[in-house]
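Enquirer: Let me give you the structure first, and then I'll get to my questions.
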Amino acid sequence: MKTKAVRMYGEDDLRLEEFELPQIKDDEILVKVISDSICMSTYKLVKQGKRHKRAPQNIDTNPIIVGHEFAGVIVEVGEKWKDQFHPGMKFAQQPALNYKGSLASPGYSYEYFGGACTYCVIPHEVMELGCLMEYKGESFFEASLGEPMSCIIGGYHANYHTNKKNYQHTMGTKEGGNILIMGGCGPMGLGAVSYGIQFENRPKRIVVTDVSDERIARAREVITEEAAKENGVELLYVNTAAMADPVEELLKLTDGHGYDDVFVYVPIKQVAEMGDRLLAFDGCMNFFAGPTDNQFRAEINLYNCHYTSTHIMGTTGGNNDDLIEANTLAAKGAINPAVMVTHVGGIDSIAEATKNLPKIPGGKKLTYTQFDMPLTAIDDFEKLGETDPLFARLAESCKAHKGLWNGEAEKILFEHFGVEI
């Protein structure tokens, strides 16, 4: 079967090509990819090429398919898996495989397995690890966003707190505590807010920082303070650039207590150091933002580490349980991954969008791989709709959903481009 895919040959070398997939083996599965959201991790991969720890050294002759936040429909099932999977089944997948200690992952390491394509072959290790999962939700984009949401959920679960009685670690953010999400008005930060206001270890307060009034205004529109209050959480958005002394003013918001859990969502030295200074007694700071510089450093207060039990850790990716939780909560409407999405495009937009990701404003770039469509900001739908009936319909649909991408809009695209599920 032929597939069309975005493949990486080296640093900044992405090519949209059509080629033949091999016939699947008895322990493999052929899938049709429907949606694939673009991750900043893929941008880092493309900027490093062979130097990336997950990239094979022969990508110049055996290029890999990029993209790991994808979902679709199963087309053909190898004999080994016919009792578990069947053609027509919707799927989501967990790309953090760690198979027998290998760093190989879809979107980084495989010639025939990745998200930026029309069809791909899922190798045996994915099923053996339980990383291919049936998806029962309506919208494919929510399954694609299940992967980044699982990373967010993993961060919440991985934070921990201690006590002096038995030295046991209590996993998860502190129930009834103060959470600080630094650089939190980007796509991942908003996902963290969406999850935090309904997490079982629900905090008393979530403070979200940014340095852009525009991003804060959008955040307030898509996740309101009133909606958080209905869940028993005080939600505050603050612009630290407007503060004379951000540390002092952020501490005042907690009545001087400090923050029990701090998530740093931007790889900026000064932000990480500020987060460390804002930790409460037994506070846990999760450095969530992955830097591209392998020598990235920041100063921490070891006096507080010793006397007030502050601690720092970092998470990347999620596990199978995190992905299942993400997809279950999204299907129930308990979380809204759509708060991440600001742009939508087709398979022909993936290469350039990936290479220029930091330069494109807004949040998540969501792509659909079964058709061509320029990467388009949701905010531009209404203007484009003045001359294009498709964008007029998309604008109307998004307007009815607080300006967010949604399942109805996805179906409008499928109908327009004749996508068969």
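The values are calculated or read from the model by the stated rules, or taken from the named source; none is laboratory data. All of these numbers come straight from a predicted model, not from anything done at the bench. Reconstructed Cβ throughout: ideal geometry from the backbone, glycine too, with neighbour counts over all protein chains shown. Note: areas computed on protein heavy atoms with side chains; ligands, DNA, RNA excluded. Shrake-Rupley method; radii C 1.70, N 1.55, O 1.52, S 1.80 Å.
Enquirer: Restricting to segment 49-72, count the residues that are touching a residue at least 60 places away in the same chain (Cβ under 8 Å) and not acidic (Asp, Glu).
Expert: The qualifying residues number 7.
Enquirer: Restricting to segment 314-369, count the residues that are in contact with a Pro (Cβ under 9 Å, 6 or more places away or on another chain) and of a type in the set (Asp, Glu).
Expert: Counting residues in segment 314-369 that are in contact with a Pro (Cβ under 9 Å, 6 or more places away or on another chain) and of a type in the set (Asp, Glu) gives 1.
Enquirer: Taking into account only those residues within segment 75-127 that are on the phi > 0 side of the Ramachandran plot and free of Cβ contacts under 8 Å to residues at least 40 places away in the same chain, which is least open to solvent (accessible area, probe 1.4 Å)?
Expert: Step by step, filter segment 75-127, then rank; the result is Gly88.
Enquirer: Residue pairs, Cβ under 7 Å, 6 or more apart or interchain, first in segment 378-389 and within 15 Å of Gly403 (Cα to Cα), second in a loop (DSSP other than H, G, I, E, B) and not β-branched (Val, Ile, Thr). List them.
Expert: Pairs found: Ile378/Gly403; Ile378/Trp405.
Enquirer: In segment 289-313, which residues are open to solvent by 30 Å² or more (accessible area, probe 1.4 Å) and closer than 30 Å to Gly137 by Cβ?
Expert: Gly290
Enquirer: Give the residue, chosen from Ser102, Ser35, that is under 17 Å from the mean Cα position of the chain (by Cα) and among the hydroxyl-bearing types (Ser, Thr, Tyr).
Expert: On the way: Ser102 fails: under 17 Å from the mean Cα position of the chain (by Cα).
Just a single option satisfies the conditions, and that option is Ser35.
Enquirer: All but one of (1) surrounded by 15 or more Cβ atoms within 10 Å (Cβ to Cβ); (2) of a type in the set (Ser, Thr, Tyr); (3) modelled with pLDDT under 95 hold for Ser35, so report the exception by its number.
Expert: If we test Ser35 against (1) surrounded by 15 or more Cβ atoms within 10 Å (Cβ to Cβ); (2) of a type in the set (Ser, Thr, Tyr); (3) modelled with pLDDT under 95, just (3) comes out false.
Enquirer: While we're looking at this one, here's another question. Does Glu69 count as more than 16 Å from the chain's Cα centre (by Cα) and at negative phi?
Expert: No.
Enquirer: Give, as residue ranges, the strands (runs of 3 or more DSSP E) completely inside segment 263-348 that count at least 2 residues that are closer than 30 Å to Cys398 by Cα, aliphatic (A, V, I, L, M) and modelled with pLDDT of 95 or more.
Expert: Where strands (runs of 3 or more DSSP E) fall fully within segment 263-348 and carry at least 2 residues being closer than 30 Å to Cys398 by Cα, aliphatic (A, V, I, L, M) and modelled with pLDDT of 95 or more, they are 341-346.
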